[in-house]
Amino acid sequence: MLTSCGGGGSDSALPPPPATDTVTIERIVATPNPSGLAFGFWEDYDRQAVTLELLGKRPTSRAGFDAWAKIETAPGTYDFAAFDAGSGRIYQQIHQYGETIFAAINISFSDEITPGKRTIPGFYPGRISDPTTRAAAKQFLRAYVQHMLALVGRFTLTIDYEIVSNYRLSAPGSEARAAEWGAWYVEAAAVARQAAADAGKADWLRLQPIVNGNPFDTGNPIGLGPAHNPWLINVVAASDALALDTYHSDPGVPASDPKRTLDIIKFWLDNYAGTKDVVVTENGFTTITEVDPTITRAQRDWKNTGTEAEQAAYFQSLFEQLKSANLPGGAFRNRLRSFNIWAIADNVVKPVGNEDRYFGLIRDDGTAKPAAAIVKSAIGWFESDPVMRPWNPAGVGTDVSAALKAGNANVALGYRNGDDFDFLRYHDSSLAEASHYTLEISLDAPASLIISINGAKWLLQNSQSALTLDVTPYCKPGAANTIYIYVTDSVFPSARTVRQVRLVHS
C-alpha cells in the first residue's frame, strides 16, 4: 500500500485527525520544505497516469524538448497553435497532475557544432554568435517565455538542454566554444527574466542550465575545475539552480553500484553550483541486457546498463546512499533539491532492441519491473522524513466539516506549485457498513481533482465542477477511512472554492 499522502509528504508529516467518532474534514496548507528532496520522473510525454497509479502525486516532472526551429516557421512568425496542441498540451496536463514543470527550449544548436541537431531556423545564419541570429533568438525567447507563462503559469526552464554534449564541451580544445555558449546563455537568461517581468510574472519563472556527461573522462576540460571554466560559473550565477543529467557508471565497480552517479553529483556541487541548489533532472538505468545479453556497458560509454535485477539493485543502493549524502553533514550538504528518474515506463515508441526503450520501471505490457517496488519504498521513506520530505504542513488543519457536509461552504483551495498547495483531508473514524459508496464534490468552477483513497488508490478527474465518483472498491467498511482531495488546474497558481464534500452510503 502506498504510504505517501501525496506529492512529497506522508501521514507522519500531518497532525493526526481529530479524536472524534464523527466525520471530519480539514483544510491543510502545504508549504515547501527548505531542506526537502522532491522525486519526479520523465513520463514519456503523457504517461502521468502511470506515475500517479504507482507512486501517487509527484512534486516535479522532467518534460519537454522544444526547439526554436519547430516554432518559428518564418522570420518573426511563431506557430504557437501547433505548439499548444503538442508540447503545450503536455505541459498543461503535467500541472493538472499537480507537478512542477521542468521544461527545455533548445535554441543555439547548429549543424556546424552538432550535425543533425540544429535548432536554429534554416532562414537564419547557423551559429548563435551571428548578430542576426542572436537578435532573432532573443526575440523568439521573449515570445516563448511569455507564451508559456500565459499557457501554464509557473514553470522552470532550461535554455539549451544538455549543453555539454550538444555543444561538445567535453572535447579537448572546446574552451572557445564553451565561452561562446556561456556568453549567449547569460544574455538569454536576462532576456527570459525581463520577458517574465514585463508580463508581471517575474517570480513565476525559474532558470536552470542542464549539464551532462562524465566530468572524470580524461581530457574533459570541465574536469579541470572552475578556474579553467569561468563561463560555467557565469552561467550558474545567472540561474536559479544547477541541473544535471547523469547516466554514467564506474568501470571499476559492478553495474548495480551507483558510485559514479554519486561522484558526479558531488563533482558538480563542489565545483560549479556555488550557493545554488542542485537538481538531478535525469538519472536512469536501461535494462536492455534483459532483452539482449550481448550489449555491455562498455559499448554504451559505460552508461548504466544491465538486467532488471541489476536495475533494482542500482536503485536500492542509490537511494540508501542518498539518505546520508543529502543530510546537512553529508557529501551533498543538503543541497540536492530534486531527483528525477528516467523513466516511469518503457518507451514503446523506441524500436524493440533499442536500449533507449528499456529505462522504465514499468514494462511494455504494464507489469512492474523489480525496481518499481524498490523506488516506491524508497520514496515513501524520503517523504516520511522530516528533513527530506518536499513539503510541510503549515500548522494544524482547519476544521471545515460542518459547512462542507451541508453544501454551503466557501473553502478556498489553491495550487501554487508541486510542493506548495492546499488540500482537504476527509476522515471517517469508522465507516458505516454499506454496499455502495459514492464520493460527491462540488466546486465553484471546473478544475482537475486528484483524489487519494486510503493510500491505496489515486485518481485524477479533469474539468469537473460537480463530481460523483464510485469509490466502493477502495473503501473499508467498519474501519477508519481517509481521503485526500487536491484541486489543480492547467495553470499554476490556481484557486478554486469547494462548496461540498460528502461520502454517500447506499
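The values are calculated or read from the model by the stated rules, or taken from the named source; none is laboratory data. Everything quoted here is computed from the prediction, not taken from an experiment. Neighbour counts are summed over all protein chains in view; Cβ atoms, including those assigned to glycine, are modelled from backbone coordinates with ideal geometry. The accessibility values were calculated without ligands, DNA or RNA, using every heavy atom of the protein model including side chains. Shrake-Rupley method; radii C 1.70, N 1.55, O 1.52, S 1.80 Å.
Assorted remarks:
- Leading residue at positive end of dipole, the chain (Cβ point charges), from Gln48, Thr218, Leu404: Leu404
- Förster-model FRET efficiency, 35 Å R0, Val186 and Asp301, C-beta, rounded to 0.05: 0.70
- Shown in residue order for the stretch 310-321 are the 3J(HN,Hα) couplings computed by the Karplus curve 6.51 cos²θ - 1.76 cosθ + 1.60 at θ = phi - 60°: 5, 4, 4, 5, 4, 5, 4, 5, 4, 5, 4, 6 Hz (x for Gly and Pro).
- Mean Cβ count within 10 Å, highest first, over the residues of peptides 62-70, 199-207, 27-35: 62-70, 27-35, 199-207
- The H on the amide N of Asn33, modeled in the peptide plane, is under 5 Å from the matching H of Trp391, Asn392, each at least 5 residues off or on a different chain.
- For trypsin sites (Lys or Arg not before Pro), the sites in the stretch 87-149 that DSSP calls loop and that have at most 16 other Cβ atoms within 10 Å are Lys117, Arg127.
- Label of the coordinate-derived value, volume of the Cα convex hull per residue in Å³, listed as (i) 138; (ii) 183; (iii) 146: (iii)
- Residues whose placed amide H lies under 5 Å from that of Arg499, excluding near-sequence neighbours: Ser442, Leu443, Asp444
- Helical mean residue ellipticity (222 nm; -39500 (n - 2.57) per DSSP H run of 4+; nearest 500) of the chain: -8000 deg cm²/dmol
- Backbone geometry of the stretch 92-100 corresponds, through the Karplus equation with coefficients 6.51, -1.76 and 1.60 at θ = phi - 60°, to 3J(HN,Hα) couplings of 4, 5, 4, 5, 4, 8, x, 9, 6 Hz, x marking Gly and Pro.
- Cβ-based charge dipole, the chain, positive-most Cα from Tyr185, Phe339, Tyr486: Tyr185
- Taking all protein chains as shown and a probe of 1.4 angstrom, Asp419 keeps an accessible surface of around 50 Å².
- Relative contact order, whole percent, for the stretch 11-119 stands at 25, derived from Cα pairs under 8 Å and 6 or more residues apart.
- Of the residues Gln93, Val235, Trp68, the one whose Cα sits farthest toward the positive end of the charge dipole of the chain, with +1 on the Cβ of Lys and Arg and -1 on the Cβ of Asp and Glu, is Val235.
- Rounded to the nearest 20, the Cβ-based charge dipole of the stretch 61-180 about its Cα centre (Lys and Arg +1, Asp and Glu -1) stands at 100 debye.
- Charge dipole (debye, nearest 20) of the chain; +1 at Cβ of Lys and Arg, -1 at Cβ of Asp and Glu: 640
- Rule-of-thumb Rg ratio for the stretch 369-506 [Cα; 2.2 N^0.38 Å; N residues]: 1.11
- Relative packing of 107-114, 327-334, which averages over residues the other C-beta atoms within 10 Å, highest first: 107-114, 327-334
- Sequence-separation-based contact order of the chain, relative, with Cα cut under 8 Å and 6+ spacing, percent: 22
- Vicinal HN-Hα couplings computed from phi for the stretch 408-418 (Karplus, 6.51 cos²θ - 1.76 cosθ + 1.60; Hz; Gly/Pro x): 10, 7, 9, 8, 7, 10, x, 9, 9, 5, x
- Stretching Thr31 away from Ser463 to a fully extended chain increases their span by 153.0 nm, per 0.36 nm per residue minus the current alpha-carbon distance.
- Among beta bridges identified by DSSP and lying wholly in the chain, the antiparallel ones come to about 60 percent.
- The stretch 317-472: relative contact order as a whole-number percent, Cα under 8 Å and 6+ apart: 11
- Net charge of the neighbourhood of Arg154, taken over other residues with C-beta under 15 Å away and scored Lys/Arg +1, Asp/Glu -1, is -2.
- Size of charge dipole - the stretch 326-399 - debye, nearest 20, with Cβ of Lys, Arg +1 and Asp, Glu -1, no other charges: 280
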